[in-house]
Ligand SMILES: Nc1ncnc2c1ncn2[C@@H]1O[C@H](COP(=O)(O)OP(=O)(O)O)[C@@H](O)[C@H]1O
Ligand SMILES: [Mg+2]
């Protein structure tokens, strides 16, 4: 069985592509609706992400991107429609059960737990993992893959810079070796240098067969790694296309993604 | 009256023993509030349930150990039932719903005790081995009270180790800060909440049976203790474990010494203590540091 760390270190390790994850399958979303109170923030959204594929979910602020990811992870107060992953229906499963199906979620606000060290935050990522992998090994692997966290393992997670906290949030989410990672604006408020590092990690995850659903404001960044693009506008899915088509479609970019 | 140093020390030990009981009750109250944001008004009733379950078991078995185990198990089970069946449907509705509900639970339990065991109360004698006192060189102290304080300190040390060093402890620390991230990382938080509620109730039950040899058991015995435990959690800082420990022992000693020097004010002492602490530190002693830190 592969570990996410061999996965993450793929680009630097080079030559041999690591073994893909277990149980990766397609994510299929159909007729998805979600509400906050009476606000209908996701409206009849349907799309699929193939195993190993990276899909960029784009759109303006307030378009419903975060709500869509939250609905996939089981965190919306109210939703309807169907979500399945690797053939199993997910939409009735509680959030923690979705984790055990191989989903990981890196929230927009990072959610580093205050009062816990970097190491403890990483341990949280393993705490419910059913394969009881040796914690020290995993943390050593993570320290290798995320050099920025290595020297800070025993410092409080929330004492780090925003970018480092984002790295920690990603490390924690992938510690248990998920096969599908939902990323919500990972580059937001992160220095360009760290964003480069981060996208190298994503490329490594993708090369190892991890499926990615990536929400980004920085369209160019997202296009570097994505295979396809889905665009949301006012809660609706308005455009699905290949990266190459989207990159050359200035009109579409201006219409749905301009700030 | 002649107040000697010896008497003051004696009374201080009595105060620490009282404090140990407060701490055991307040720690559970604090954990339940910190993780579930439930202000558990049934906590005094769990204390009472522990005392009755222990005394009843002792009557059948003659064993103090069995009495202690029964006190913990019965109160933890009633706590677990209360959380799973009664409190759980109220999550997400604001703090007043579970507050009123647990208030109701405590009425039911107190009345059940009156029906089952009568209104007049029961008592339990200490085993021979624990009666009497020990000579510490500078005075002669009641053995059971000393053991109660020492046992509570050991239990608190174990609890602290558990929270700082174990996997469960990490879940508790994270759950108090951000239950959402726990769910996303695969933890079924409803099970954590159930366990915490049962654990807190079990600790209250243990406190009940430990206090029973000193003050007997009556259906209403939990009322005063609940008030004291609330004062302890407020003084210590809502949700802070360290605060509950310091405030619990501090309050026990303060009440006890007031009883010695100014008996008329012993009931008032607790609230004066609370008022002074809150004037100096509005969030309680450890309020700002937050839960379990
Ligand atoms: N917690 C919330 N309560 C109520 N409305 C919300 C909440 N979060 C987001 N919204 C609303 O839902 C809509 C979609 O938001 P969101 O999914 O966060 O969009 P995006 O991530 O694309 O910026 C917005 O109109 C936003 O104001
Ligand atoms: Mg968003």
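The values are calculated or read from the model by the stated rules, or taken from the named source; none is laboratory data. Only a predicted model underlies this, so the values are computations on that prediction, with no experimental measurement involved. Neighbour counts run over all protein chains shown; Cβ positions are idealised from the backbone, glycine included.
A quick yes/no check of all residues on (1) farther than 22 Å from residue B:111 by Cα; (2) in a loop (DSSP other than H, G, I, E, B):
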| site | (1), (2) |
| --- | --- |
| B:187 | yes, yes |
| B:199 | yes, no |
| B:203 | no, no |
| B:214 | yes, no |
| B:222 | no, no |
| B:228 | no, no |
| B:243 | yes, no |
| B:255 | yes, no |
| B:266 | yes, no |
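What's the number of the only condition in (1) buried (at least 17 other Cβ atoms within 10 Å of the Cβ); (2) farther than 13 Å from residue A:211 by Cβ that residue A:100 fails to meet? Among (1) buried (at least 17 other Cβ atoms within 10 Å of the Cβ); (2) farther than 13 Å from residue A:211 by Cβ, the lone unmet condition for residue A:100 is (1). So is residue A:228 surrounded by 14 or more Cβ atoms within 10 Å (Cβ to Cβ), modelled with pLDDT of 95 or more and more than 16 Å from ligand 1 (Cβ to nearest atom) or not? For residue A:228, the condition - surrounded by 14 or more Cβ atoms within 10 Å (Cβ to Cβ), modelled with pLDDT of 95 or more and more than 16 Å from ligand 1 (Cβ to nearest atom) - is met. Among the candidates A:56, A:63, the residue that is part of a loop (DSSP other than H, G, I, E, B), touching a strand residue (DSSP E or B) at 6+ places or on another chain (Cβ under 6 Å), within 16 Å of ligand 2 (Cβ to nearest atom) and away from chain B (no Cβ under 13 Å) is uniquely A:63. Filtered by the rule that a residue be surrounded by fewer than 21 Cβ atoms within 10 Å (Cβ to Cβ), in contact with a helix residue (DSSP H, G or I) (Cβ under 6 Å, 6 or more places away or on another chain) and within 7 Å of another protein chain (Cβ to nearest Cβ), the stretch B:173-196 gives a lone residue, B:188.
Number of residues in the stretch A:107-132 that are in contact with a strand residue (DSSP E or B) (Cβ under 9 Å, 6 or more places away or on another chain), more than 9 Å from chain B (Cβ to nearest Cβ) and crowded, with 20+ Cβ neighbours inside 10 Å equals 1. Just one residue in the set A:151, A:135 is more than 8 Å from chain B (Cβ to nearest Cβ) and modelled with pLDDT under 90; that residue is A:135.
Regarding the stretch A:169-178, can at least one residue be identified that is assigned to a loop (DSSP other than H, G, I, E, B), touching a helix residue (DSSP H, G or I) at 6+ places or on another chain (Cβ under 6 Å), within 27 Å of residue A:47 (Cβ to Cβ) and away from ligand 1 (no atom under 16 Å from the Cβ)? Yes, the conditions are met somewhere in the stretch A:169-178. A Cβ distance below 7 Å, combined with a sequence gap of six or more or placement on separate chains, defines the contacts here; from the stretch A:17-31, residues that are under 20 Å from residue A:83 (Cα atoms) reach residues that are assigned to a loop (DSSP other than H, G, I, E, B) and at pLDDT below 50 in the pairs A:22/A:1.
Being in contact with a strand residue (DSSP E or B) (Cβ under 6 Å, 6 or more places away or on another chain), within 21 Å of residue A:26 (Cβ to Cβ) and within 16 Å of ligand 1 (Cβ to nearest atom) is a condition met by at least one residue of the stretch A:202-213.
Scanning the stretch A:59-87 for residues that are away from ligand 1 (no atom under 12 Å from the Cβ), under 17 Å from residue B:186 (Cβ atoms) and free of Cβ contacts under 8 Å to residues at least 60 places away in the same chain returns a single hit, A:74. Out of the stretch B:81-98, which residues are within 10 Å of residue B:42 (Cβ to Cβ) and exposed (fewer than 15 other Cβ atoms within 10 Å of the Cβ)? Scanning the stretch B:81-98 gives no hits.
Scanning the stretch A:71-83 for residues that are facing another protein chain (nearest Cβ under 10 Å) and either part of a helix (DSSP H, G or I) or more than 16 Å from ligand 2 (Cβ to nearest atom) (or both) yields A:73, A:74, A:77.
Total residues in the stretch A:86-110 satisfying the condition of being touching a helix residue (DSSP H, G or I) at 6+ places or on another chain (Cβ under 8 Å) and not in a helix (DSSP H, G or I): the figure is 9.
Only one of the numbered conditions (1) part of a helix (DSSP H, G or I); (2) within 14 Å of another protein chain (Cβ to nearest Cβ); (3) touching a residue at least 12 places away in the same chain (Cβ under 8 Å) is not met by residue B:170, and that is (3). Close contacts from the stretch A:33-53, counting a first residue that is in a loop (DSSP other than H, G, I, E, B) and a second that is within 11 Å of ligand 1 (Cβ to nearest atom), with Cβ to Cβ under 8 Å and a gap of 6+ residues or different chains, come to A:37/A:77. Which one is nearest to the chain's Cα centre (by Cα) among residues in the stretch A:180-200 that are away from ligand 1 (no atom under 16 Å from the Cβ) and crowded, with 23+ Cβ neighbours inside 10 Å? Taking the candidates together, the pick is A:181. Going through (1) within 15 Å of ligand 1 (Cβ to nearest atom); (2) more than 23 Å from residue A:238 (Cβ to Cβ); (3) crowded, with 20+ Cβ neighbours inside 10 Å one by one, residue A:95 falls short only on (1).
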